[in-house]
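Everything below concerns the one structure shown next.
The values are calculated or read from the model by the stated rules, or taken from the named source; none is laboratory data. Just so we're clear, the structure is a prediction, and the values are computed from it rather than from any experiment. Every residue, glycine as well, gets a Cβ built from its backbone with ideal geometry; the counts of neighbours run over all protein chains shown.
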């Protein structure tokens, strides 16, 4: 690890020293080394650096054993990428407050420049889940990397769908990489590190503080060429991500929903403000030229996996289903088949990957 | 003078004979009761004295000692009243003394001399067969309970005067006879029927399978979806009670004293639905004078726990022993008693705190974290003992009118009975196994053989549908029951496919 990385690593341990203030410091002092060696009163001349910060910075030289920290990171298979490194994500570099340092578990490859961020509410409805699944799957199949925040709900679906079709995905955390939040996504976390990367700008053991999340959101939007919002209530982190995307000059897309659902308020607000309404992946690649060209090249290479043949009754039941959930009893009533036969057929269709069960013993088509 | 009479008391669900010895001698007037009496027994002296006087007999103010033998077992309740009163009459020469040894006497006395009902008459009547007595004297209201026991002469009595007239030979009275089979048949009618439930075909099918294999079942659904309605009707599709089962169940209820005024035998499978605020002891049984709890009252029937997540953690954990062993062992410093508790557990709960997760009528307002916390209130070990979990959706109002009603309980019960017959011959040689639900791993290995196609299906379900491996054994058990219902020789993949459908909680739909 080179000197700059080590210095930035030290500086990143200070909670309140964000990208903007660090940038100010660098402009004044030139190098990270100079910052660390500066006197406290000199540091205080920089706008935004107060008594507390300056003493924290000047104490970095003595108090902290950076070698130990680095050793720990290496043991956990975490690499550190700074803004000066070649493999720093290009998309992120071009935003105004790009983080100086990223902790990365997994691998970021140049192709991850073709990325779209998919975000949304943690309390997703089955409609939102299906929409997120369809968009993420279609994009990921076409070699677009799906970026999201590993949160519950839409985020989780976006990551899972990308992984399920063999695509790449990047998760940006609002905590350090040593803390998995939400805890139930531990397995998903691991899977992502093998087919993409889990990244964070926060120190290894930083907790999921409330104030971290808006900062995390700017990285999510910054990594993607565009940000798709699937289901967001009026006050939602997803809207913060969308705002960040606009500030960064990236495209914002919104999936419409029911006018009766609280989960549509946010997305509809975005559409009213000029975000592009999205029905499927085509609406996204149309808007982003570079993505469109890449996808067009690949699209010929993508060969759809042939769906397994359905038997007569299977076809009959499958044709009854749509993206609107249907309850098992009403399937049985409409087909006039005994419910036990229906449940056997539904299980078959589910194993074939054609339909999916949603809570309430209801079924929808898979997309 | 000394008189010795016989009475009886309950320990667990069995009775033991208590000798009631009354000694009256000259001395400073006093009345002492010994033999570890509780408050109710001690107070009996007041009732006995008043009843004797008010029935027109003489009470001599002398030194009275009452001993209840065996002296080292605690005695409770007021059932010795009548026996003590008779003893005093005999000891004071108002009744022949030798006659008391020929009858076992039970009854609580009212101050006017009339006889009130007592608890545990059925087990006492059973136990009296082992004593050399001519019959038992019981309160009038308890006569049917006592008379169902074969070979016991039951003499129901209304008041003290009647008993004395009978014992001293002044009045003739034949034993009370009851046609047991007639009584049993009369009590077998259920007031409910599955035909009352509209729609819910899937849930009904699951109920049928649960009944056929004796599987415990958990229903998850929004408020007003009819979970309670379904549960209440489960006993009506269980196989009809045999006389032996009926006697077992009645015995437990007799100990509690519930049988009063009702038919002498419980011919319908009990349905117990304790409220979720129930204490551990009330659920499982116990207390300083141990009593059977709700699990034992549900013996041979159904224990219904509505709002499962609202039950205290402790109450749910104590359920594990009876679910496993079919009995409850209550150990206390002085005694330990065992109560039978073989029941089907039917539990119901909402899908989330607000109740509307997965409901198409109304949007759920719970955060994922709250839902997860809510679901985690049911512990894994308890869930492991529940073979079927199903979701019961709310039926829309307009559907209520045109929903098909489906079959009546009798039709379903016939199928269930057939499946149970198959299981009966399957487990002929195994002890303590009566139905598929009771199978342990080694039985599953022996009886649940599946072919290659079946194995592939299970593998797919685990890989693709996120079915937890924990579900594996349960799915096999339930498939065997489905095969039995169909009369099939072995499990095929369609049986497995259906069985997987009854494992809602394993499919990780809950986030």
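The set of residues in the stretch B:461-501 being more than 15 Å from residue A:356 (Cα to Cα) and at the interface with chain A (Cβ under 10 Å from one of its Cβ atoms) consists of B:482, B:485, B:486, B:493, B:494, B:495, B:496, B:498, B:499. Within 12 Å of chain A (Cβ to nearest Cβ), at pLDDT below 85 and either outside any helix (DSSP H, G or I) or within 26 Å of the chain's Cα centre (by Cα) (or both), is that true of residue B:399? Spelling it out, it is not the case that residue B:399 is within 12 Å of chain A (Cβ to nearest Cβ), at pLDDT below 85 and either outside any helix (DSSP H, G or I) or within 26 Å of the chain's Cα centre (by Cα) (or both). Residues that are over 29 Å from residue B:238 (Cα atoms), assigned to a loop (DSSP other than H, G, I, E, B), in contact with a helix residue (DSSP H, G or I) (Cβ under 9 Å, 6 or more places away or on another chain) and at pLDDT below 90 do not occur anywhere in the stretch B:331-343. Hey, can you tell me all the residues within the stretch A:337-353 that are surrounded by fewer than 19 Cβ atoms within 10 Å (Cβ to Cβ) and either under 33 Å from the mean Cα position of the chain (by Cα) or within 10 Å of another protein chain (Cβ to nearest Cβ) (or both)? Residues satisfying the conditions are A:338, A:341, A:352, A:353. Taking the stretch A:275-367 and the helices (runs of 4 or more DSSP H) fully enclosed by it, the elements with 3 or more residues that are assigned by TED's automatic domain parsing to the domain that holds residue A:126 and modelled with pLDDT under 85 are at A:289-299. Within the stretch A:187-219, the set of residues being farther than 17 Å from residue A:162 by Cβ and either within 14 Å of another protein chain (Cβ to nearest Cβ) or outside any helix (DSSP H, G or I) (or both) comprises A:200, A:201, A:202, A:203, A:204, A:205, A:206, A:207, A:208, A:209, A:210, A:211.
Taking (1) part of a loop (DSSP other than H, G, I, E, B); (2) closer than 30 Å to residue B:340 by Cα in turn, residue B:18 satisfies each apart from (1). Working only within the stretch B:312-330, note down all residues that are within 17 Å of residue B:279 (Cβ to Cβ) and not in a helix (DSSP H, G or I). Of everything in the stretch B:312-330, those that are within 17 Å of residue B:279 (Cβ to Cβ) and not in a helix (DSSP H, G or I) turn out to be B:312, B:319, B:328, B:330. If you go through the stretch B:426-455 and keep only what is free of Cβ contacts under 8 Å to residues at least 12 places away in the same chain and either closer than 30 Å to residue A:359 by Cα or within 13 Å of chain A (Cβ to nearest Cβ) (or both), you end up with just B:455. Across the stretch B:458-511, the qualifying residues are those that are part of a helix (DSSP H, G or I) and at pLDDT below 80, and the one among them that is nearest to the chain's Cα centre (by Cα) is B:506.
Summed over the stretch B:475-493, residues that are out of contact with any strand residue (DSSP E or B) (no Cβ under 7 Å at 6 or more places or on another chain) and crowded, with 18+ Cβ neighbours inside 10 Å total 8. Scanning the stretch B:36-75 for residues that are modelled with pLDDT of 90 or more, in a loop (DSSP other than H, G, I, E, B) and touching a helix residue (DSSP H, G or I) at 6+ places or on another chain (Cβ under 9 Å) turns up B:55, B:56, B:57, B:58. From the list B:124, B:136, B:115, the one residue that fits, being touching a strand residue (DSSP E or B) at 6+ places or on another chain (Cβ under 7 Å), part of a helix (DSSP H, G or I) and over 30 Å from residue B:350 (Cα atoms), is B:124.
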